[in-house]
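Below is one structure, written out as structure tokens; the observations come after it.
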């Protein structure tokens, strides 16, 4: 198992290399580089050339790229063109804010989506279940930036219960961003849990379990759920990327200084090191969450665990 | 069965009608009838058709230069009423008129972006799925790199470099969906390539590209159509999202996302300003999701319960 994890982490290196190179190339084609942004109206060709030399932008693209990668390998994300501060410092502050929103959104989705999915699958014709389906369909169609605005209108403006921006009020200020960010995700989890659960309940082993007198609770939560959870876990893992994309929107709606806002600001200012740093962190997060999903598979499903074991023995 | 029984009970007026009941239905007809039985899918189709019709008829429904982008400070921030059905925005422009023209932008970019990714996906996914082996490994590893980033972010990076014209937005969104499409096409092609008719075509000496284009892809069309529907929804959402954060369609041109972004500042006192564009996005996505789910049930009977 440890060998497998290491191999997967090593497979991340080419991904990061190609990704950074693409972003590097794309941003270097941009008309108007960092020097024009930094100087603004004071731009003259001489001053621009001086700034470019200072930032190393006058060197060939490939040289710049290898220089960047070399530094990255030493844990150095470079200096922001705009703030002249290390990108890493900026990232770490912003990353914390984003992590809070993402983690609370995930907790909310999983703890609400899965139970609703399960109970609506066990009684598919009840009003509750039909309602859950309608809710799920609306949930996957909802543009989250609009949902965020509606939540602000209701809970901040009208009722005055929750703050509408920033993260200064502790848990209370996390509620609306978490719901906003996780809404599509929750609906997705719910729909997937419901359909795979309905699939599982129809299987022969469920009939067997019921026939031999296992209590209904154990049939659902022990026999059926273990088999039904796999697609749900896939959805949870696959959508971490989408969730990170949603962070950009959620942070815009609630004016939260996080990674998403940083990325948009950096793109607008042509701040290549900052853009690269943000994207690298996001790519690593997505890759690691995919790895975690695969490990959870192995934990839940003995068949997959056995495969890893066989591979390890062969190697 | 039921339809036939009632038809048989009625006396036939013409010979043509009498023979019609014995004629074998074409596959398309049969699929269409199966689709019509799915009520939610039909609702989705109807809503989407209305939105498409509105988008096409926009120039006849309202005046772009005189209403949609023309400031009229005297009538700013009016609530919905007889003169302006959905009210006016912060610059006194009629929200309904802007919404109608917004549909045009969203649909045009959404659909053409997915055409871009369809072409890329068919070429890359078709090649990977048909040949398998090393070619497959190389193409799919390359796709994995792009899949390691959320699609909004990939589109963001492309737009950042090339600017946010409509064409660039289309290409950016199209390319950002292409990796997912390639995967769908690849797995569909892999399911088909082992069939006998493919082998038969190969044994009479058909060229690979001909086999792929004439025999393999037409048989993968079902899952591809379903994905196209769902991804158009995604693409429309992405345009709105990009415009909302200020990197997509720029004002004064109307787009649902940028209408929300500019209305945000005033929504505390004038909530109507963010209602209409949001609902427009919501219903478009909902319609396409209903349609996509319905098409999946129609085209893939295995999934039908």
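The values are calculated or read from the model by the stated rules, or taken from the named source; none is laboratory data. For clarity, every value in this text was computed on a predicted model and none was experimentally measured. Positions of Cβ are backbone-derived with ideal geometry, glycine not excepted, and every protein chain shown enters the neighbour counts.
For this structure, a couple of remarks:
- Residue that is surrounded by the most Cβ atoms within 10 Å (Cβ to Cβ) [pool: residues in the range A:156-179 that are within 25 Å of residue A:94 (Cβ to Cβ) and within 13 Å of another protein chain (Cβ to nearest Cβ)]: A:164
- Among (1) closer than 21 Å to residue B:52 by Cβ; (2) more than 14 Å from chain A (Cβ to nearest Cβ) - the single one residue B:210 does not satisfy: (1)
- Test result for residue A:192, assigned to a helix (DSSP H, G or I), surrounded by fewer than 21 Cβ atoms within 10 Å (Cβ to Cβ) and modelled with pLDDT under 90: no
- Scope the range B:73-84; condition in a loop (DSSP other than H, G, I, E, B), surrounded by 13 or more Cβ atoms within 10 Å (Cβ to Cβ) and without any contact (Cβ under 8 Å) to a residue 60 or more places away in the chain; matching residues: B:76, B:78, B:84
- Of all residues in the range B:75-121, those satisfying the criterion of being over 19 Å from residue B:239 (Cα atoms), touching a helix residue (DSSP H, G or I) at 6+ places or on another chain (Cβ under 6 Å) and modelled with pLDDT of 90 or more are B:120, B:121.
Here's the yes/no breakdown for (1) over 20 Å from residue A:269 (Cβ atoms); (2) at pLDDT below 80; (3) more than 14 Å from every other protein chain (Cβ to nearest Cβ):
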{"site": "A:24", "(1), (2), (3)": "no, yes, no"}
{"site": "A:32", "(1), (2), (3)": "no, yes, no"}
{"site": "A:40", "(1), (2), (3)": "no, yes, yes"}
{"site": "A:56", "(1), (2), (3)": "no, yes, yes"}
{"site": "A:69", "(1), (2), (3)": "yes, no, yes"}
{"site": "A:72", "(1), (2), (3)": "yes, no, yes"}
{"site": "A:82", "(1), (2), (3)": "no, yes, yes"}
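- Only one of the numbered conditions (1) within 13 Å of another protein chain (Cβ to nearest Cβ); (2) surrounded by fewer than 18 Cβ atoms within 10 Å (Cβ to Cβ) is violated by residue A:102, and that is (2).
- Among the conditions (1) more than 14 Å from chain B (Cβ to nearest Cβ); (2) in contact with a helix residue (DSSP H, G or I) (Cβ under 7 Å, 6 or more places away or on another chain); (3) at pLDDT below 90, residue A:126 misses just one, which is (2).
- Just one residue in the set B:172, B:206, B:178 is under 20 Å from residue B:224 (Cα atoms) and in contact with a helix residue (DSSP H, G or I) (Cβ under 9 Å, 6 or more places away or on another chain); that residue is B:178.
- So residue B:183, is it within 13 Å of another protein chain (Cβ to nearest Cβ) and within 30 Å of residue B:281 (Cα to Cα): yes
- Sole residue being farther than 30 Å from residue B:181 by Cα, out of contact with any strand residue (DSSP E or B) (no Cβ under 6 Å at 6 or more places or on another chain), free of Cβ contacts under 8 Å to residues at least 12 places away in the same chain and part of a helix (DSSP H, G or I), chosen from B:65, B:134: B:65
- Candidates in the range B:271-291 are the residues that are modelled with pLDDT under 90 and out of contact with any helix residue (DSSP H, G or I) (no Cβ under 6 Å at 6 or more places or on another chain); of these, the one that is nearest to the other protein chains (Cβ to nearest Cβ) is B:275.
- For the range A:240-260, the criterion of a residue being within 11 Å of chain B (Cβ to nearest Cβ), closer than 20 Å to residue A:90 by Cα and in a loop (DSSP other than H, G, I, E, B) is satisfied by at least one position.
- Summed over the range B:235-257, residues that are closer than 11 Å to residue B:281 by Cα and either in a helix (DSSP H, G or I) or within 10 Å of the chain's Cα centre (by Cα) (or both) total 8.
- Filtered residues of the range B:18-67 (kept if farther than 27 Å from residue B:284 by Cβ and touching a helix residue (DSSP H, G or I) at 6+ places or on another chain (Cβ under 8 Å)): B:21, B:25
- Every residue from the range B:235-259 that is in contact (Cβ under 8 Å) with a residue 40 or more places away in the chain and within 10 Å of chain A (Cβ to nearest Cβ): B:236, B:237, B:238, B:240, B:241, B:242, B:247, B:256
- Residues of the range B:179-200 that are surrounded by fewer than 17 Cβ atoms within 10 Å (Cβ to Cβ) and outside any loop (DSSP other than H, G, I, E, B): B:187, B:191, B:196, B:197, B:199, B:200.
- Across the range B:292-305, the qualifying residues are those that are without any contact (Cβ under 8 Å) to a residue 60 or more places away in the chain and at the interface with chain A (Cβ under 10 Å from one of its Cβ atoms), and the one among them that is farthest from residue B:173 (Cα to Cα) is B:305.
- Lone unmet requirement of (1) in a helix (DSSP H, G or I); (2) surrounded by 17 or more Cβ atoms within 10 Å (Cβ to Cβ) for residue B:283: (2)
- Going through (1) outside any loop (DSSP other than H, G, I, E, B); (2) surrounded by fewer than 22 Cβ atoms within 10 Å (Cβ to Cβ); (3) free of Cβ contacts under 8 Å to residues at least 40 places away in the same chain one by one, residue A:147 falls short only on (2).
- Of the residues screened, residue A:285 is not one that is out of contact with any strand residue (DSSP E or B) (no Cβ under 8 Å at 6 or more places or on another chain), surrounded by fewer than 20 Cβ atoms within 10 Å (Cβ to Cβ) and free of Cβ contacts under 8 Å to residues at least 60 places away in the same chain.
Residue-wise test of (1) touching a residue at least 40 places away in the same chain (Cβ under 8 Å); (2) more than 23 Å from residue A:244 (Cβ to Cβ); (3) in a helix (DSSP H, G or I).
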{"position": "A:47", "(1), (2), (3)": "no, yes, yes"}
{"position": "A:51", "(1), (2), (3)": "no, yes, yes"}
{"position": "A:65", "(1), (2), (3)": "yes, yes, yes"}
{"position": "A:81", "(1), (2), (3)": "yes, yes, no"}
{"position": "A:91", "(1), (2), (3)": "yes, no, yes"}
{"position": "A:108", "(1), (2), (3)": "yes, no, yes"}
{"position": "A:117", "(1), (2), (3)": "yes, yes, yes"}
{"position": "A:124", "(1), (2), (3)": "yes, yes, no"}
{"position": "A:130", "(1), (2), (3)": "no, yes, yes"}
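- Scoring residue B:95 on the criteria (1) in contact (Cβ under 8 Å) with a residue 12 or more places away in the chain; (2) away from every other protein chain (no Cβ under 13 Å); (3) within 21 Å of the chain's Cα centre (by Cα) leaves a single failure, condition (3).
- Among the residues of the range B:151-169, the ones that are assigned to a helix (DSSP H, G or I), more than 10 Å from chain A (Cβ to nearest Cβ) and surrounded by fewer than 22 Cβ atoms within 10 Å (Cβ to Cβ) come to 3 in all.
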